[in-house]
């Protein structure tokens, strides 16, 4: 199977290329220097002959998107439409990675795949538009929403927190935002499971199981780094105002995976234990 991966230079894209390549598929990873995903003719040429396209390309500067929503829309929505259209014309299945930010973040139970979207940020609006475009343009799609990603291939929360704890001795982390820390390598493996299972077209949630606050995750990170976790203190979001609102509740349900007979990612604590050595180096 020939797989084209866009956004291959990013933290997630690197692991998708590695995991799918190791499974025996012929994988072509295209980074930003290889493909401008907003160039329609370039996208058509890149996708031609592919069996599967995995779109990991995204504008993820959440705060910057508040001041330049057009730039975020170009990558998160327009490019998603171009990739979906090109995938349909090539007869390829499209896996499109999306985000928890399409939800309002004010729930108290995990968001189902068909829960109403209500993004509160420019980033969330552009990603929701990208989902809509993918569904409209490419019937054979898998929209995979994820959240709180970390990995060895780029800057991420665990690396930042471990560095700050080491430099300062103590660090305060918000305790009023709850989600599911997810290892990029686990998400890549889930994409492979979806493809190998021939999962029905639709929307799936690709996050670790369980839930924790950023504060709770930070304590686990600092402990894994061999530092004193008591130096991590809780605080609230209003102490760290940001241009873009963060979802207070980013817990996603995995019912669609279970109905498709595809194993979800395991509990976040277990997966962090498996990932920590690689991610923290």
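Can you tell me which residue is surrounded by the most Cβ atoms within 10 Å (Cβ to Cβ) among those in region 229-253 that are free of Cβ contacts under 8 Å to residues at least 60 places away in the same chain and farther than 23 Å from residue 120 by Cβ? Step through it out loud before you land on a result.
Residues of region 229-253 that are free of Cβ contacts under 8 Å to residues at least 60 places away in the same chain, as a first pass: 229-230, 238, 241.
Next cut, farther than 23 Å from residue 120 by Cβ only: 229-230.
Details: 229: 14, 230: 10.
Result: 229.
For the list (1) under 24 Å from residue 189 (Cβ atoms); (2) surrounded by fewer than 22 Cβ atoms within 10 Å (Cβ to Cβ); (3) touching a strand residue (DSSP E or B) at 6+ places or on another chain (Cβ under 7 Å), I need the number of the one condition that residue 49 fails.
(1)
So which residues in region 59-92 are over 18 Å from residue 138 (Cα atoms), outside any helix (DSSP H, G or I) and in contact with a helix residue (DSSP H, G or I) (Cβ under 7 Å, 6 or more places away or on another chain)?
Scanning region 59-92 gives a single hit, 59.
For region 166-190, which positions are surrounded by fewer than 23 Cβ atoms within 10 Å (Cβ to Cβ) and touching a strand residue (DSSP E or B) at 6+ places or on another chain (Cβ under 8 Å)?
170, 171, 172, 174, 175, 176, 177, 178
When you check residue 107 against the structure, is it touching a helix residue (DSSP H, G or I) at 6+ places or on another chain (Cβ under 7 Å) and surrounded by fewer than 19 Cβ atoms within 10 Å (Cβ to Cβ), yes or no?
Working: touching a helix residue (DSSP H, G or I) at 6+ places or on another chain (Cβ under 7 Å): no; surrounded by fewer than 19 Cβ atoms within 10 Å (Cβ to Cβ): yes.
Judged against the criteria, residue 107 is not a match.
If I ask for residues that are in a loop (DSSP other than H, G, I, E, B) and buried (at least 17 other Cβ atoms within 10 Å of the Cβ), which ones from region 263-281 would you list? Even if it seems obvious, please write down each step before you answer.
To start, the set of residues in region 263-281 that are in a loop (DSSP other than H, G, I, E, B) comprises 263-266, 281.
264, 265, listed by residue number.
Being in contact with a helix residue (DSSP H, G or I) (Cβ under 6 Å, 6 or more places away or on another chain) and surrounded by fewer than 23 Cβ atoms within 10 Å (Cβ to Cβ): is that true of residue 219 here? If you could, list the steps in order and put the result at the bottom.
Numbers: in contact with a helix residue (DSSP H, G or I) (Cβ under 6 Å, 6 or more places away or on another chain): yes; surrounded by fewer than 23 Cβ atoms within 10 Å (Cβ to Cβ): yes.
For residue 219, the condition - in contact with a helix residue (DSSP H, G or I) (Cβ under 6 Å, 6 or more places away or on another chain) and surrounded by fewer than 23 Cβ atoms within 10 Å (Cβ to Cβ) - is met.
Readers should treat all values here as calculations from the given coordinates under stated rules, not as data from a laboratory. Only a predicted model underlies this, so the values are computations on that prediction, with no experimental measurement involved. Positions of Cβ are generated from backbone atoms using ideal geometry, with glycine treated the same way; all protein chains shown enter the neighbour counts.
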